Amino acid sequence: MPFNKINFLVIKYIKPIEMIGVLMRIFSFSLVSWLGAESPFFFVWAFNTTDAVILSWCSILKKDNA
């Protein structure tokens, strides 16, 4: 499987990777809160999508069901 090496790396550093995802989420929601309608839509969308992928990937590897 092509993702085995990546999955191993993610599992090895799962706590810092999860923290990065959480901090990304906090930052993006803070940005929207501060700027309101003036917030950069594409940047916020891309940032939210990236942190969702990071947190979902960690959750799947930990077998942590919602």
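The values are calculated or read from the model by the stated rules, or taken from the named source; none is laboratory data. The structure displayed is predicted, hence computed values, not measured ones. We place every Cβ from the backbone using ideal geometry, glycine too, and count neighbours over all the protein chains shown. We work out accessible area using only protein heavy atoms, side chains counted, and drop any ligands, DNA or RNA first. Shrake-Rupley method; radii C 1.70, N 1.55, O 1.52, S 1.80 Å.
So, with a 1.4 angstrom probe, what is the percent of accessible area on the chain that is carbon and sulfur?
Roughly 73 percent, rounded to a whole number.
Taking the Cα of LEU9, stepping 7 Å toward and past its beta carbon, and measuring to each backbone N in the range 32-53: which are under 18 Å?
Only 50-51, 53 fall inside the zone, counting backbone N under 18 Å.
Which loop chymotrypsin sites (Phe, Trp or Tyr not before Pro) in the chain, with loop taken from DSSP, have no more than 15 other Cβ atoms within 10 angstrom of their Cβ?
In loop regions of the chain (DSSP not H, G, I, E or B), the sparsely surrounded chymotrypsin sites (Phe, Trp or Tyr not before Pro) are PHE3, TYR13.
For all pairs of alpha-carbon atoms in the chain, what percent lies in each bin of width 5 Å, listed from the first bin to the last filled one?
P(r) for the chain, in whole percents per bin: 3, 17, 23, 21, 14, 10, 7, 3, 1.
Could you state the accessible area per residue of the chain in Å², with a 1.4 Å probe and every protein chain left in place?
Result: 80 Å² per residue.
Only helices at least 27 Å long along their own axis, judged from Cα atoms, and with Kyte-Doolittle mean hydropathy of -1.0 or greater: name those in the chain from DSSP H.
Membrane-span-like by this rule: 14-35, 41-62.
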